[in-house]
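Take a look at the structure below.
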Amino acid sequence: MHSKLDLHKHISCEDIILQLDQCHQESILNRYLGRCNQLKLAMNECLQAEFDVNRKKHFEKSKEKRKKLEEAWKDMDE
């Protein structure tokens, strides 16, 4: 099971999240009999891809910050 996902945080996965929520709301048995499993797997893949993109952005941003910090340290040493 997954927690309730905020659509504004996962814009690229919005369609899949809505479809999964709809599948779960159609019948409680859908959730327990695995009728929504394909949507759940698709949502997990989408969220993982989104996470990977964000991780790469944050890594690049941290490299830039680190470079600026090392330059400032070098200037202080001189």
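The values are calculated or read from the model by the stated rules, or taken from the named source; none is laboratory data. Computed from a prediction, not measured in an experiment: that's the story for all the values here. Positions of Cβ are backbone-derived with ideal geometry, glycine not excepted, and every protein chain shown enters the neighbour counts.
General remarks:
- The single condition from (1) surrounded by 11 or more Cβ atoms within 10 Å (Cβ to Cβ); (2) under 11 Å from the mean Cα position of the chain (by Cα) that Gln38 fails is (2).
- Subset of region 2-35 (residues that are part of a helix (DSSP H, G or I), surrounded by fewer than 17 Cβ atoms within 10 Å (Cβ to Cβ) and in contact (Cβ under 8 Å) with a residue 24 or more places away in the chain): Ser12
- Looking only at region 26-39, residues that are touching a helix residue (DSSP H, G or I) at 6+ places or on another chain (Cβ under 8 Å) and more than 12 Å from Cys13 (Cβ to Cβ) come to 4 in all.
- So Leu69, is it part of a helix (DSSP H, G or I) and at pLDDT below 95: yes
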